[in-house]
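Data block below; observations after.
Laboratory data are not the source of any read-out in this text; all were calculated from the coordinates shown. Nothing here was measured: the structure is a model prediction, and the numbers come from that model. Positions of Cβ are generated from backbone atoms using ideal geometry, with glycine treated the same way; all protein chains shown enter the neighbour counts.
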Amino acid sequence: MEKDSFCSFSWMTDEMKYEMRKRDKIVNDEDIEGLFSLNDNSDFSIALHEILVNRNDKNPNSLNPIQLNLFLSMHLENAGQADSILTFLQEWFPDKEEQIIKSLNEIGAIKSSEIIKQAIDLLPKNRSWFYESSDENSEKLMDKLDSEFSDYPDGPMRDLYRKYAEKNRNEI
């Protein structure tokens, strides 16, 4: 992102622009010390997610187990907020069903993990598209689970990410 790319947002304060530039520099430099110096958990989570995405894009097998737990949990949260958990489970990471349950448990999102386990149990065993074999009841249940997950049953995910990352700082 260019240095002056925030100038067109009239609603942004100079402090907000400064913080975004600082966060972008941390991401570009993969500055882990700088990452952990961010006070706001939202900024921390955004920067950490971008760092992990960049690492994964360079080499999909480069993430260690701690990083993978965060990476998958963050992607699932994004899917749940932007689209649906079904998007994550069947389109983005269909081969990570067991791992995402483990990842959520590892970061402390126990209730979310149980919701996702129930959603996975609704998926066709042959990995075909959910809506090809679903019925009205299973679709309603999937929608309910999607809504429950998106309501953050374990509290703000950004706080869980920060706590987990702090606990495993040497692995980030």
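Quick rundown of the values:
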item: Pick from region 153-168, criterion assigned to a helix (DSSP H, G or I) and not aliphatic (A, V, I, L, M), ranking: surrounded by the most Cβ atoms within 10 Å (Cβ to Cβ); result: TYR161
item: Residue that is nearest to GLU91 (Cα to Cα), among those in region 137-152 that are more than 15 Å from the chain's Cα centre (by Cα) and surrounded by fewer than 13 Cβ atoms within 10 Å (Cβ to Cβ); result: ASP143
item: The lone exception for SER113 - which of (1) closer than 29 Å to ALA47 by Cβ; (2) part of a loop (DSSP other than H, G, I, E, B); (3) free of Cβ contacts under 8 Å to residues at least 24 places away in the same chain it fails; result: (2)
item: Single residue of LEU86, LEU76, LEU63 found to be under 13 Å from the mean Cα position of the chain (by Cα) and either of a type outside the set (Lys, Arg) or within 21 Å of SER42 (Cα to Cα) (or both); result: LEU76
item: Residues of region 11-59 that turn out to be closer than 17 Å to ASP159 by Cα, of a type in the set (D, E, K, R) and surrounded by fewer than 16 Cβ atoms within 10 Å (Cβ to Cβ), as a count; result: 1
item: Set ILE172, ILE101: member being closer than 23 Å to LEU48 by Cα and touching a Ser or Thr at 6+ places or on another chain (Cβ under 7 Å); result: ILE101
item: Within region 119-136, tally of residues that are part of a helix (DSSP H, G or I) and either exposed (fewer than 12 other Cβ atoms within 10 Å of the Cβ) or out of contact with any Phe, Trp or Tyr (no Cβ under 9 Å at 6 or more places or on another chain) (or both); result: 7
item: Pair list, Cβ under 7 Å, 6 or more apart: region 84-101 residue without any contact (Cβ under 8 Å) to a residue 40 or more places away in the chain, other residue basic (Lys, Arg); result: PRO94/ARG127; ILE101/LYS117
item: Number of the condition not met by VAL53 [criteria: (1) touching a Gly at 6+ places or on another chain (Cβ under 9 Å); (2) under 23 Å from SER113 (Cβ atoms); (3) among the hydrophobic types (A, V, I, L, M, F, W, C)]; result: (1)
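Condition check ((1) buried (at least 18 other Cβ atoms within 10 Å of the Cβ); (2) of a type in the set (D, E, K, R)) across all residues:
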| site | (1), (2) |
| --- | --- |
| PHE71 | yes, no |
| HIS75 | yes, no |
| ASP83 | no, yes |
| GLU91 | no, yes |
| PRO94 | no, no |
| LYS102 | no, yes |
| ILE107 | yes, no |
